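Okay, structure first, notes after.
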Amino acid sequence: MQGRKSLITFEKVLEFLDHRLAQTPSGNDHDFQSLLEEGSANFKVSMDVLLKKGFRKAYRQIVEGL
């Protein structure tokens, strides 16, 4: 599997957010934009790619219970 990029799935985004939002917040680090930027750095993709993979839906699902 070496040399292959790991595919970003909705489930991976959801897992990242679930883990991240379970941590105690400090300041605005649970803010949507802050988490989007952190996720972008974590997955090494642009914020647009994360949004297309369902970042907003995952965030709302966890934060708002939707």
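The values are calculated or read from the model by the stated rules, or taken from the named source; none is laboratory data. Keep in mind the model is a prediction, meaning the values are calculated, not measured. Positions of Cβ are backbone-derived with ideal geometry, glycine not excepted, and every protein chain shown enters the neighbour counts. Ligands, DNA and RNA are excluded from the accessible area calculation, which covers all protein heavy atoms including side chains. Shrake-Rupley method; radii C 1.70, N 1.55, O 1.52, S 1.80 Å.
Just a few scattered comments:
- Those residues of region 54-64 which are in contact with a helix residue (DSSP H, G or I) (Cβ under 7 Å, 6 or more places away or on another chain) and outside any helix (DSSP H, G or I), in sequence order: Gly54
- Among the residues of region 1-21, the ones that are out of contact with any helix residue (DSSP H, G or I) (no Cβ under 7 Å at 6 or more places or on another chain) and at pLDDT 90 or above come to 5 in all.
- Region 42-53: number of residues that are in a helix (DSSP H, G or I) and within 10 Å of the chain's Cα centre (by Cα): 5
- Sub-6 Å Cβ pairs linking a first residue in region 41-66 that is open to solvent by 100 Å² or more (accessible area, probe 1.4 Å) to a second residue that is assigned to a helix (DSSP H, G or I) and not polar (S, T, N, Q), at least 6 apart or interchain, are Leu66/Arg60, ordered by first then second residue.
- Residues (surrounded by 13 or more Cβ atoms within 10 Å (Cβ to Cβ) and part of a loop (DSSP other than H, G, I, E, B)) located in region 20-30: Asp29, His30
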